[in-house]
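A short worksheet on the structure shown next.
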Amino acid sequence: MLIQTPAVADLPAPAKIMVVGSSTTQGSAGDYTWRYRFWKHLTANNVSVDFVGPSNKVFDNIRSAGSTFVFSDAYADPAFDRDHFARWGGFVGTFSGYPTGAKDTIAAQVSAYQPDFVVVMLGLNDLTWFSTRTPAAVAADMQALVANARAAKPNVRLVLAAIQPTKWAAGNAVNAARVAEYNQRLSDLAAASSTPTSPIAYVPQAAGYQPDFNVTPHDSHDGTHPNAQGEIRIADAVADVFSATFGIGPAYPLSLSGVPTGPVLPFQLTCTAGQNMARLQWTESPGATGYWFQRRLAGGTWDAQVYQLTFLTDNPLTNLYLTAGQTYEYRLQAAKWYDKGVFSNVCSVTPYA
């Protein structure tokens, strides 16, 4: 049974929250992130909070390659407290050749930022990148993380969040069993290690979360990382535990009606006429992994056949073999993996002979 924390009266205002995690928590360019949804919920309900941590950026999923990580300020909406301690590819444990795991870095961060709450969503990379890594071993690393956080601040409150559903687990019984075992061990750890001085709460998987992008509607744009709908579901799960366990804010009013799930940041398309050709060039919708090309004769119907372009390799694009004197119209639609989003403006061009 979870040992409840004393009332919120003993917390400073604002209450400091450090969110610790990997890609699901950091988010990538063009995302709102579930951190944004959680912060918006708290502040909309007059809860005074200060998100803390050594970073305030998202991962640039377009310019990062291999072990070279590029980080970006390109949030879908940057108007929130963006500080966090999450990193794309983050681990609980520490492994040779990879950035040091959170269990070995948490003490320094807690000491530096003195959070009242540490919210941790980690473990998926430990299980997936190292197939021999057992759920018990990853849970033991999480136990070490808890101990190290408490060593830096004995009265820190901890919130341990389950690994969220992924297509990797949903489509494979062995993977699903590994995740289920780890999440159960995480729940048991929270119950067994909670104390009146340093209570621990467990956040279960987000209710109704659908990771399979082949299903409509779905909550992940690539089978692992949340789209806008998935962000809301995760924020709902975390916020409900904060409300029920710590008395921080009300329950999250989950609503997914009308939530756009593809890229939302606008971009501009420019068309230039040439000899029986048109040259297309466009600005970036941050985080978009592709742009769906469409063309029509001016005022007509868009071509039924479309294909995807990439910002870094196909831009600019030359559309050849056009009829001189005929006016053509073009538009692009940005997509993030399997989720299509915002359209560009429509531009027109009349090639010459």
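Here the condition is being assigned to a helix (DSSP H, G or I) and under 30 Å from L158 (Cα atoms); of A239, A251, it holds for A239 alone. Of the residues that sit in the stretch 48-80 and are hydroxyl-bearing (S, T, Y) and under 15 Å from the mean Cα position of the chain (by Cα), which one is surrounded by the fewest Cβ atoms within 10 Å (Cβ to Cβ)? The selected residue is S55. Residues in the stretch 107-130 that are more than 25 Å from T245 (Cα to Cα) and surrounded by fewer than 16 Cβ atoms within 10 Å (Cβ to Cβ): A108, A112, W129, F130. Restricting the first member to the stretch 315-326 and to residues that are under 7 Å from M277 (Cα atoms), and the second to residues that are part of a loop (DSSP other than H, G, I, E, B) and open to solvent by less than 50 Å² (accessible area, probe 1.4 Å), the beta-carbon pairs closer than 6 Å and six or more apart or on different chains are L322/P351. Only residues that are surrounded by fewer than 15 Cβ atoms within 10 Å (Cβ to Cβ) and outside any loop (DSSP other than H, G, I, E, B) were counted across the stretch 296-353, and they come to 6. For the stretch 81-93, the condition holds for no residue, the condition being that it is touching a His at 6+ places or on another chain (Cβ under 8 Å) and open to solvent by less than 40 Å² (accessible area, probe 1.4 Å). Counting only helices (runs of 4 or more DSSP H) that sit completely within the stretch 75-189, those holding 3 or more residues that are touching a Lys or Arg at 6+ places or on another chain (Cβ under 9 Å) and not charged (D, E, K, R) correspond to 102-113, 135-152. Selection over the stretch 119-163 of residues that are modelled with pLDDT of 95 or more and either under 14 Å from G90 (Cβ atoms) or among the basic types (K, R) (or both) gives a count of 18.
Residues in the stretch 190-212 that are open to solvent by less than 40 Å² (accessible area, probe 1.4 Å) and either out of contact with any helix residue (DSSP H, G or I) (no Cβ under 7 Å at 6 or more places or on another chain) or in a helix (DSSP H, G or I) (or both): A190, S193, S194, P199. Would you confirm whether or not the stretch 25-44 contains a residue that is under 21 Å from A108 (Cα atoms), in contact with a helix residue (DSSP H, G or I) (Cβ under 8 Å, 6 or more places away or on another chain) and not acidic (D, E)? Yes: the stretch 25-44 contains one or more residues that are under 21 Å from A108 (Cα atoms), in contact with a helix residue (DSSP H, G or I) (Cβ under 8 Å, 6 or more places away or on another chain) and not acidic (D, E).
The set of residues in the stretch 131-152 that are open to solvent by less than 20 Å² (accessible area, probe 1.4 Å) and either touching a strand residue (DSSP E or B) at 6+ places or on another chain (Cβ under 9 Å) or basic (K, R) (or both) comprises M142, L145, V146, A149.
The values are calculated or read from the model by the stated rules, or taken from the named source; none is laboratory data. As the structure is a prediction and not an experimental result, all values here were calculated from the model. Glycine gets a Cβ as well: all are built from the backbone with ideal geometry, and neighbour counts include every protein chain shown. Calculation scope for accessible area: heavy atoms of the full protein, side chains included, ligands and nucleic acids excluded. Shrake-Rupley method; radii C 1.70, N 1.55, O 1.52, S 1.80 Å.
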